[in-house]
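The values are calculated or read from the model by the stated rules, or taken from the named source; none is laboratory data. Keep in mind it's a predicted model, so treat the numbers as computed, not measured. As a convention, Cβ positions derive from the backbone with ideal geometry for all residues, glycine included, and neighbour counts pool all protein chains shown.
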Amino acid sequence: MSTPALAIVSRRLRVAVVILATLIGKSHPVVAAETFMIIGTGGVAAVYYPAGGAICRMVNSQREAAGVRCLVESTGGSIDNIERIRSGDLQFGFAQSDWQFHAYRGTDRFAGKSAFEDLRAVFSLHPEPFTIVAREGLGIANIDDLQGKRVNIGNRGSGQRATMEVVMAAKGWTFDDFAEVSELTSTDQSAALCSGAVDAVIMTVGHPSASIQQATTACRGVVVGVEGPAIDELVKEHPYYRHATIPAGMYNNRNDVPTFGVSATVVTSSRVSEEDVYVLVSSVLDRFNEFKTLHPALHHLKIEEMHRESLSIPLHDGAIRYYREAGLR
């Protein structure tokens with residue numbers, strides 16, 4: 001069911017409860033209507049979708065007491081999520097730390113629109129290294145070897161697509177530097193690599209990633225290094241980027257693979273109620289050790305970092321309320 005349809009269902013449910021209360025009178029108890037909380041994620045094969053499922057699992061475990069039902073929706077990714085939060089189609093969404101920064105300020109990809117000053121942070125999650133996986137035997141050993149190859153840069157609306165375009169600008173590349181450019185989603189790109197439809201794919205993703213596991217085991221894809229003066233300058237100039245390493249052995253890679261990256265963050269709007277945000281944060285952090293077991297990318301989270309690392313926009317009041325009560329601020 002689409003997000004607008006869910007919103008309509010929610011409204012109709014509440015109206016039905018009011019009518020029912022009127023009909024049956026005060027002598028019979030009436031169960032309060034649930035509030036739907038929808039989290040925009042990304043492709044189902046990427047990390048955002050299962051991480052969103054982990055959050056909803058924690059929220060829904062408190063469903064009866066809180067009166068909130070959490071739903072996950074697969075979306076186009078970071079930029080799509082931010083825009084749909086702006087429009088009110090989503091209450092929460094995953095976003096890379098670079099694109100939350102630009103959306104709030106109305107810069108870069110958001111320069112043609114008004115600054116989204118209602119955008120608010122909830123917490124940060126896992127690091128997301130910029131990752132290139134190439135077909136074996138094509139001589140692609142580093143990012144510069146992508147020139148002249150068939151490259152999937154990601155679908156419009158995804159954070160990985162936008163970050164790839166930032167990298168291209170930093171290196172002075174255009175689409176003409178590649179033999180062919182495709183715009184497949186994260187769900188489809190590993191299969192395209194294995195079938196030989198593309199030579200390399202771009203991902204900005206938490207590790208370990210099932211999509212990368214597929215590409216590196218089913219068709220012996222190789223993880224490619226992303227480094228050099230242009231990358232160093234990006235990290236130096238922008239606070240939301242940092243150097244990163246994909247550890248040896250994670251994807252059959254013998255050595256550490258150098259790259260750079262961002263962090264996954266959960267964002268919302270100041271228009272979302274303080275209580276709803278408080279419910280989401282408390283549901284996750286009150287049972288933090290259990291939450292970390294729900295996906296491998298969450299294993300190394302530190303609760304004391306989630307309310308400050310990679311958050312380049314203001315925190316929502318509901319999140320601040322929880323962090324203060326928990327002694328984290």
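In summary, P239 fulfils each of the numbered conditions (1) assigned by TED's automatic domain parsing to the domain that holds E73; (2) touching a Ser or Thr at 6+ places or on another chain (Cβ under 7 Å); (3) not small (G, A, S) with the single exception of condition (1).
Candidates R161, R156: the one that is assigned to a helix (DSSP H, G or I), within 25 Å of P208 (Cα to Cα) and either touching a Cys at 6+ places or on another chain (Cβ under 7 Å) or not assigned by TED's automatic domain parsing to the domain that holds T41 (or both) is R161. Residue count for region 110-145 satisfying the condition of being within 23 Å of M306 (Cβ to Cβ) and assigned to a strand (DSSP E or B): 13. Restricting region 167-187 to residues that are touching a residue at least 60 places away in the same chain (Cβ under 8 Å) and buried (at least 17 other Cβ atoms within 10 Å of the Cβ), the residue that is farthest from V262 (Cα to Cα) is T185. Can you confirm whether T268 is assigned by TED's automatic domain parsing to the domain that holds S78 and either of a type in the set (A, V, I, L, M) or at pLDDT 90 or above (or both)? Yes. Checking each residue in region 80-98 for being under 19 Å from D108 (Cβ atoms) and surrounded by 24 or more Cβ atoms within 10 Å (Cβ to Cβ) picks out N81, I82, I85, G93, F94, A95, Q96, S97, D98. Scanning region 86-99 for residues that are within 18 Å of A162 (Cα to Cα) and either modelled with pLDDT of 95 or more or assigned to a strand (DSSP E or B) (or both) yields G93, F94, A95, Q96. When region 86-123 is filtered for residues that are within 22 Å of E275 (Cβ to Cβ) and touching a Lys or Arg at 6+ places or on another chain (Cβ under 8 Å), the ones remaining, listed by number, are G88, L90, G93, D118, L119.
So in region 250-277, with the set limited to residues that are among the small types (G, A, S) and in a strand (DSSP E or B), which one is surrounded by the fewest Cβ atoms within 10 Å (Cβ to Cβ)? That would be S269. Does N60 satisfy being without any contact (Cβ under 8 Å) to a residue 24 or more places away in the chain and not basic (K, R)? Here the answer is yes, as N60 does meet what is asked.
Do the conditions hold for V167, that is, is it touching a Phe, Trp or Tyr at 6+ places or on another chain (Cβ under 8 Å) and assigned to a strand (DSSP E or B)? The answer is no for V167.
Could you grab me the full set of residues in region 278-295 that are charged (D, E, K, R) and either closer than 18 Å to V122 by Cα or not in a helix (DSSP H, G or I) (or both)? The answer is D286, R287, K292. Within region 77-98, not a single residue is among the aliphatic types (A, V, I, L, M), farther than 30 Å from C56 by Cβ and in the same structural domain as I38 (by TED's automatic domain parsing).
Among the residues of region 190-210, the ones that are of a type in the set (S, T, N, Q) and either under 15 Å from the mean Cα position of the chain (by Cα) or in a loop (DSSP other than H, G, I, E, B) (or both) come to 2 in all.
Exactly one residue among V15, V9 is modelled with pLDDT under 90, closer than 30 Å to D286 by Cβ and either more than 22 Å from the chain's Cα centre (by Cα) or of a type in the set (F, W, Y) (or both), and that residue is V9.
Regarding V222, is this residue of a type in the set (V, I, T), within 21 Å of A141 (Cβ to Cβ) and out of contact with any Lys or Arg (no Cβ under 9 Å at 6 or more places or on another chain)? When the stated conditions are applied, V222 does not pass them.
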